[in-house]
1. If I ask for residues that are open to solvent by less than 70 Å² (accessible area, probe 1.4 Å), within 12 Å of the chain's Cα centre (by Cα) and not aliphatic (A, V, I, L, M), which ones from the range 29-42 would you list?
2. Quick one: in the range 1-23, of everything that is under 20 Å from A60 (Cα atoms) and polar (S, T, N, Q), which residue is modelled with the highest pLDDT?
3. Residue under question is F26, and the condition is that it be hydrophobic (A, V, I, L, M, F, W, C), open to solvent by 80 Å² or more (accessible area, probe 1.4 Å), within 12 Å of the chain's Cα centre (by Cα) and at pLDDT 95 or above; does it hold?
4. List the residue pairs whose Cβ atoms are under 9 Å apart, where the first residue sits in the range 26-53 and is without any contact (Cβ under 8 Å) to a residue 24 or more places away in the chain and closer than 16 Å to I10 by Cα, the second is charged (D, E, K, R) and open to solvent by less than 30 Å² (accessible area, probe 1.4 Å), and the two are 6 or more positions apart or on different chains.
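The values are calculated or read from the model by the stated rules, or taken from the named source; none is laboratory data. Being a predicted model, the structure only gives us computed values, none of them experimental. Cβ atoms come from the backbone with ideal geometry, glycine included; neighbour counts cover every protein chain shown. Remember, those area values only see protein heavy atoms, side chains included, never the ligands or the DNA or RNA. Shrake-Rupley method; radii C 1.70, N 1.55, O 1.52, S 1.80 Å.
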Amino acid sequence: MKTEKIHRCIAERTNHDLIANYLDYFNNYLTVSAFAQAYGLTPFEAMKVIGKGRDLNESAAIHKAEGNA
């Protein structure tokens, strides 16, 4: 049940949204708990959103650096 909620939490966001959420966390929050509270997520859900956004952001940066943007 909890896994479904987390997958839904991520699935409801576009890749662009996930990257934006990650960058917002990276630039504006000191803790995952503060980010989670601001977005109405549990800390575990927030970690999953941040992690997925981080992965997508790094992948986009690699593609851009390789000239595949």
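1. Answer for the range 29-42, where residues must be open to solvent by less than 70 Å² (accessible area, probe 1.4 Å), within 12 Å of the chain's Cα centre (by Cα) and not aliphatic (A, V, I, L, M): just F35.
2. Looking at residues that are under 20 Å from A60 (Cα atoms) and polar (S, T, N, Q), I get N21.
3. yes
4. Sorted first by the residue in the range 26-53, then by its partner, the pairs are A36/E45; Y39/E45.
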